[in-house]
Amino acid sequence: MVHPNVQRGTAWAASVAGAAFIALGAVIFACGADVAAAASRFALPAQGSPVSHESAGPSSAAAPYSIPEHIWIDKLKVSARIQPVGPGRRVGAGVVEWTAPNNKHVGWHDYSGRLGEGKNIVLNGHNNIYGSVFRKLYTLQPGDEIRLGAGDRQVVYRVQEVKILRERGQPLEVRIANAQYIQPMNDDRLTLVSCWPESSNTHRVIVIARPVAQN
């Protein structure tokens, strides 16, 4: 059962820094009905951001690498479709919210890496509403396996670390620091983000996994 104070819907914040790169802000849940509205509309990032918000999908002909389409986490009995998600409303100077799917799917941040690209792939999902696909994300431990698929291809990742970070009520500087893990980076990793605990969303849980070398 969802606790009465659970904030409905999800929006992930991004702080856009200059023209060189975007430094993502905290993974922020907006309150009440505001979130449902924010999650259903898109807004451009702050001026000067180089992020491209092309129409993302598995059939994108221009991309040499594949957008992940499915995720399996056997330990958590998770098998979910992945859909691209983009920015929502601005919440401050140079800060925009990033959306999560308001359904049982997992969201792929559309600025983040693709399979085989050697960059940070960022996925988000709800923990206590809309199917709660990442409800038990915090229970993962180093060594647990996660698989991503696109078409006939699958890539296996092994969890390296799990972090739980206080988010609600924290100053913007702390929230931006929390979200260093979801910024674009040339580092071959998978980053999963959701909220914690199961009955609320006062903290963020971040799982970092590395690809397993294939023989």
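What follows draws every value from the coordinates through simple rules; no lab data is involved. This is a predicted model, so every value here is computed, not measured. So basically every Cβ, Gly included, is an ideal-geometry build from the backbone, and we count neighbours across all protein chains shown.
A compact table of results
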| quantity | calculated |
| --- | --- |
| Karplus-derived 3J(HN,Hα), 6.51/-1.76/1.60, for each residue of segment 140-154, Hz, glycine and proline x | 5, 10, x, x, 5, 9, 10, 10, 10, x, 8, x, 8, 9, 10 |
| Whole-Å semi-axes of segment 87-215's equivalent ellipsoid (Cα gyration tensor) | 24, 17, 15 |
| Cβ-defined net charge surrounding A150, 9 Å radius [Lys, Arg +1; Asp, Glu -1] | 0 |
| Those lysines that a straight Cα-Cα span of less than 17 Å connects to K163, excepting residues fewer than 8 apart in one chain | K136 |
| Dimensions in Å of segment 145-200 - Rg and Dmax from alpha carbons | 14.4, 44 |
| Sorted by Cβ neighbour density within 10 Å, fewest at the top, the residues T99, T191, T139, T202 | T139, T202, T191, T99 |
| Proxy reagent accessibility, fewest Cβ within 10 Å first, across K104, K77 | K77, K104 |
| 3J(HN,Hα) from dihedral phi, segment 204-209, Karplus parametrisation 6.51/-1.76/1.60, rounded to Hz, x for glycine, proline | 10, 10, 10, 10, 10, 10 |
